[in-house]
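Trainee: My structure is below; once you've seen it, I'll send some questions.
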Amino acid sequence: MMQQAGAGRRRDFMQQPWALWRLQAKRLTQIELRRNLFSWRATWIYFLAFIPTLIIFIHILFNEHDASSFNDDTQVLAGIIQLYYIRLGVFFGCLGIFSRLIRGEMIERSLHFYLLSPVRREVLLLSKFAAGSAAAVLLFVTATIVDFALMYLPFGAAGRDYVFNGPGLGQLEAYVLIIVLACLGYGAVFLLLSMVFKNPTPGALLFLGWEAINPVLPSILQRLSVASYLRHLMPVDVGAKGFIALLTVETEPVSGLAATLGLLLLITAVLLYSCYRIRTLEIRYTTE
Amino acid sequence: MSIHKHDYRAYTGRVTPVWTRIFVLGRYSLAEAWSSKFTTVLFVVCLIPPIGALFTIYLANNPAARLLMGNVGPRVLAIDGAFFLNVLTIQSWLAMALASWIAPRLITLDLVDNALPILLSHPISRFGYVLGKCVALFATLSIVTWVPCLLLFAYQGYASPVPWAAANLRIAVGMFAGSLVWIGLISLLGLALSSWVKWRVVATGIIFAAILVPAGVGAIVSEVLRTKWGLLLNLPLVAFSLWQRLLGLHDHVDELKKLPVGAILAVLALACCLFVVMLNKRIRAREVVRG
């Protein structure tokens with residue numbers, strides 16, 4: 001009996017119009033991607049992503065690069081990734097990108113065109129998520145790679161040796177993974193917030209506060225945060241300083257794989273709930 | 001008599017003074033700001049830290065309570081400039097959260113719904129319009145910044161067993177002046193950014209981003225270029241440095257991060273000028289018609 005039910009479910013699964021959904025998702029993703037990357041409204045995300053690059057470029061032009069500053073620059077780069085990109089750049093970038101996907105369309109009174117078209121709402125939501133993620137990942141990962149290259153380029157042979165024969169390349173891989181996961185994690189959360197709340201910003205700012213105080217919370221609560229998973233993936237430790245260092249709760253070290261899987265699990269859970277929410281989504285433009 | 005026989009003529013009755021008209025806008029703006037339940041929730045949250053501070057002052061001045069706490073030393077519960085600086089800092093951050101919620105409510109709808117030409121067709125100037133909105137923000141933000149701070153100061157003066165208030169009057173003046181500077185800055189920032197953003201939903205986030213992102217960029221500039229001048233982009237830190245000086249605590253500042261008063265005042269003035277220019281550009285009696 002159980003086997004029959006299982007086989008039935010598998011048959012139903014295989015009979016779904018996957019090809020059509022893939023085509024619809026592809027088209028929707030292309031539309032959203034164009035809107036997120038090539039509109040004048042997107043310029044501020046470029047600013048968020050590439051302002052550290054500009055500063056590092058000025059550093060190359062005007063500062064001297066001797067061997068003594070090598071470790072300092074490695075620490076500074078880690079600080080830029082952990083404290084600027086994760087806490088501010090990717091956070092506000094994703095807030096802007098992902099809040100616009102659903103709530104922005106509601107405010108512009110254009111979401112009903114999508115909802116009236118013969119597209120499954122889950123396909124619509126996941127396509128929008130994919131487009132937002134692709135835009136955020138493309139910008140922030142490019143910025144991270146350029147930052148990394150510019151940081152070690154002026155050191156010449158020592159820099160090349162550090163990158164290709166030392167831990168440099170591994171660090172770059174870790175930074176890229178961190179930025180990708182941060183974009184996906186924050187994106188999933190903000191997409192959900194933009195569906196649940198009429199104004200997702202207060203919720204997002206509460207989330208920012210939660211992420212900020214997270215290191216001083218008990219380890220069980222630290223698992224409900226995007227930044228806590230990413231902290232475990234950092235190749236260079238940028239410890240808290242001063243008073244915050246006293247309050248920081250040091251959790252057990254988690255392997256990179258476990259942290260990545262933990263965050264992916266969190267993202268999947270949030271997306272599944274978003275898919276559930278969008279099935280019952282109603283638009284009342286008069287109250288927007 | 002048919003209507004066309006009437007000649008139109010100027011109103012000759014008593015005219016309200018120009019300065020009172022600003023308060024009409026202020027009154028309506030206050031009503032708009034407080035029409036949301038979330039404003040009330042935020043306001044209540046803003047009053048929690050002063051209650052905690054009040055309790056701390058009570059404990060610090062009550063020997064019996066201190067005895068119950070294991071007779072903690074006077075340094076643990078010291079009520080001095082540093083204590084009031086902490087209260088002012090917390091209240092200022094909360095005031096910023098309140099401003100980022102209220103400011104877009106005051107201005108965005110007027111602009112999006114093309115109501116500004118109608119408002120400015122009344123006998124009120126563009127400056128008066130902005131001032132009216134600022135009055136509403138000033139009134140609301142005052143209740144969470146300098147008012148509780150000065151009430152706490154007064155309570156400490158009353159509860160202290162030794163004459164305290166007169167000797168520490170500088171703290172009160174510093175908190176008042178520091179709060180006014182902060183309220184002015186975040187009011188202008190909130191109104192300026194709200195006037196440039198079409199969606200109220202986005203405006204709240206952008207106000208926060210406009211404070212936090214430059215602070216992060218300033219930190220990068222300081223660390224990468226090995227200079228303290230990047231800290232001037234960090235408006236909360238700049239304001240904090242000013243408060244330290246106003247409260248007479250500038251000796252505690254780390255020499256490497258010590259910003260000159262001239263630079264602090266220049267940055268604050270520059271920021272305010274920028275916000276005024278932004279407002280001047282947007283607050284105009286024009287109607288946007290989209291085809």
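The values are calculated or read from the model by the stated rules, or taken from the named source; none is laboratory data. Please read these numbers as outputs of a predicted model, since none were measured by experiment. Ideal geometry is used to build each Cβ from the backbone, glycine not excepted, and the neighbour counts take in all protein chains shown. The area values use the complete protein model at the heavy-atom level, side chains included, leaving out ligands, DNA and RNA. Shrake-Rupley method; radii C 1.70, N 1.55, O 1.52, S 1.80 Å.
Trainee: Order the following by accessible area, largest value first: B:Phe43, B:Phe275, A:Phe50, A:Phe57. Probe radius 1.4 Å; ligands, DNA and RNA are ignored.
Mentor: So the residues, ranked largest to smallest area, are A:Phe57, A:Phe50, B:Phe43, B:Phe275.
Trainee: With a ≥ b ≥ c taken as the square roots of the eigenvalues of the C-alpha gyration tensor of the protein assembly as shown, please select rounded if a/c is under 1.5 and otherwise prolate if a/b is larger than b/c or oblate if it is not? Write out the running numbers ahead of the final one.
Mentor: Values: a/c = 1.63, a/b = 1.12, b/c = 1.46.
Oblate, because a/c is 1.5 or more while a/b does not exceed b/c.
Trainee: Let me make sure I get this right: for chain A, a, b and c are the square roots of the gyration tensor eigenvalues over alpha carbons, sorted descending. Under 1.5 in a/c it's rounded, otherwise prolate if a/b > b/c, else oblate. Which is it?
Mentor: Details: a/c = 1.85, a/b = 1.66, b/c = 1.12.
It comes out prolate by the Cα gyration axes.
Trainee: Nothing charged except the Cβ atoms of Lys and Arg (+1) and of Asp and Glu (-1): what's the magnitude of the dipole of the protein assembly as shown about its Cα centre? Round to the nearest 20 debye. Write out the running numbers ahead of the final one.
Mentor: Values: 48 positive and 28 negative charges, 491 e Å.
It works out to roughly 2360 debye.
Trainee: Give me a single rounded figure for A:84-90: the average over its residues of other chain Cβ atoms within 10 Å of their Cβ.
Mentor: 3
Trainee: Let me ask something else. Within 10 Å of each Cβ in B:212-223, how many Cβ atoms from other chains are there, averaged over the peptide?
Mentor: Details: counts 6, 10, 2, 2, 11, 9, 0, 5, 13, 5, 2, 11.
That average works out to 6.
Trainee: From largest accessible area down, sort A:Arg279, B:Arg226, B:Arg105; use a 1.4 Å probe on the protein chains. Provide the component values of the computation, followed by the final result.
Mentor: On the way: A:Arg279 135, B:Arg226 105, B:Arg105 35 Å².
From most accessible down to least: A:Arg279, B:Arg226, B:Arg105.
Trainee: Here's something else I'd like to know. Report, in order of residue number, the helices in chain B meeting two criteria: a C-alpha extent of 15 Å or more along the helix axis, and a mean Kyte-Doolittle hydropathy of at least -1.0; treat each whole DSSP H run as one helix.
Mentor: Numbers: long enough: B:18-33 (23 Å, 0.64); B:48-61 (20 Å, 1.31); B:81-112 (45 Å, 1.35); B:126-144 (28 Å, 1.48); B:146-159 (19 Å, 1.11); B:169-196 (41 Å, 1.70); B:200-224 (35 Å, 1.86); B:235-246 (16 Å, 1.06); B:261-282 (32 Å, 2.04).
Sorted by number, the helices that extend far enough and score high enough are B:18-33, B:48-61, B:81-112, B:126-144, B:146-159, B:169-196, B:200-224, B:235-246, B:261-282.
Trainee: Defining a contact as two alpha carbons under 8 Å apart and six or more residues distant in sequence, what relative contact order in percent does region A:19-281 show?
Mentor: That works out to 26 percent.
Trainee: Which residues among region B:94-121 fall inside the zone where the amide N is under 11 Å from a point 7 Å beyond the Cα of B:Tyr28, along Cα→Cβ?
Mentor: Under 11 Å, as judged by backbone N against the label point of B:Tyr28, lie B:110, B:115-121 of region B:94-121.
Trainee: If I fit a long axis through the Cα atoms of helix A:43-62 and take the longest principal axis of the Cα atoms of chain A, what angle between them do I get, 0 to 90°, rounded to 10?
Mentor: Rounded to the nearest ten degrees, it is 10.
Trainee: Angle check, please: helix A:90-99 long axis (alpha carbons) against the longest principal axis of chain A (alpha carbons), in degrees 0 to 90, nearest 10.
Mentor: With both axes taken from Cα atoms, the answer is about 20 degrees.
Trainee: Could you work out which residue, out of A:Ala130, A:Ala78, A:Ala212, moves most in a Gaussian network model of chain A, that is, has the largest mean-square fluctuation with Cα springs under 10 Å?
Mentor: Greatest mean-square fluctuation among the candidates belongs to A:Ala212.
Trainee: Taking 0.36 nm per intervening residue step and subtracting the Cα-Cα distance, what contour gain separates A:Ser219 from A:Arg22 on full extension? Could you put the intermediate results ahead of the total?
Mentor: Values: separation 197, 0.36 × 197 = 70.92 nm, distance 4.01 nm.
So the extension gain works out to 66.9 nm.
Trainee: Oh, and also: What is chain B by shape, rounded, prolate or oblate, if you read a ≥ b ≥ c off the alpha carbon gyration tensor as root eigenvalues and call it rounded for a/c under 1.5, prolate for a/b larger than b/c, and oblate otherwise? Let's see the in-between values first.
Mentor: On the way: a/c = 2.50, a/b = 1.68, b/c = 1.48.
Prolate, because a/c is 1.5 or more and a/b exceeds b/c.
Trainee: Largest first, what is the accessible-area ranking of B:Met69, B:Met175 with a 1.4 Å probe?
Mentor: B:Met69, B:Met175
Trainee: Another question about this same structure. Chains B and A: how much accessible area gets covered up at their contact, both sides added, probe 1.4 Å, in Å² to the nearest hundred? Walk me through the numbers on the way to the answer.
Mentor: On the way: alone 16270 and 15860 Å², together 30090 Å².
Looking at B and A, the buried total is near 2000 Å².
Trainee: Same structure, new question: For A:Ser110 and A:Ala134, what does the FRET efficiency come to when R0 = 22 Å and r is the distance between their Cβ atoms, rounded to the nearest 0.05? Mind showing how you got there, number by number?
Mentor: Values: r = 21 Å, r/R0 = 0.94.
Computed FRET efficiency for A:Ser110 and A:Ala134: 0.60.
Trainee: Can you give me the angle between helix A:18-37 and the longest principal axis of chain A, using Cα atoms only, in degrees from 0 to 90, rounded to the nearest 10?
Mentor: For A:18-37 against chain A, the angle is about 50 degrees.
Trainee: Give the peptides A:82-91, B:165-174, A:35-44 in descending order of average Cβ contacts within 10 Å, highest first. Spell out each step's value before the answer.
Mentor: On the way: A:82-91: 23.3, B:165-174: 16.2, A:35-44: 13.8.
Output ranking for A:82-91, B:165-174, A:35-44: A:82-91, B:165-174, A:35-44.
Trainee: For chain B, what does the relative contact order come out to in percent, with C-alpha contacts under 8 Å and a separation of six or more? Walk me through the numbers before you get to the answer.
Mentor: On the way: 302 pairs, mean separation 66.0, N = 291.
Over chain B, the number comes to 23 percent.
Trainee: Quick one: 3J(HN,Hα) in Hz for region A:216-233, Karplus 6.51/-1.76/1.60 with θ = phi - 60°, rounded, Gly and Pro as x.
Mentor: Whole-Hz 3J(HN,Hα) from phi for region A:216-233: 9, 8, x, 4, 5, 6, 5, 6, 8, 9, 6, 5, 5, 5, 5, 4, 5, 8.
Trainee: Counting heavy atoms of the protein chains only and a 1.4 Å probe, report the per residue accessible area for the protein assembly as shown as a whole number of Å².
Mentor: Numbers: 30090 Å² over 579 residues.
Averaged over the residues of the protein assembly as shown, the accessible area is 52 Å².
Trainee: Additional query: Given the rule -39500 (n - 2.57) for each run of at least 4 DSSP H residues, summed and divided by the residues of chain B, what is its mean residue ellipticity at 222 nm, to the nearest 500 deg cm²/dmol?
Mentor: Details: 12 runs with 203 residues, N = 291.
Result for chain B: -23500 deg cm²/dmol, rounded to the nearest 500.
Trainee: Once you've got the GNM for chain B with C-alpha springs shorter than 10 Å, pick whichever of B:Ile220, B:Ile264, B:Ile143 has the biggest mean-square fluctuation.
Mentor: In the Gaussian network model the winner is B:Ile220.
Trainee: Using a 1.4 Å probe on the protein heavy atoms only, what accessible surface does A:Glu282 show? Give it in Å² to the nearest 10.
Mentor: 120 Å²
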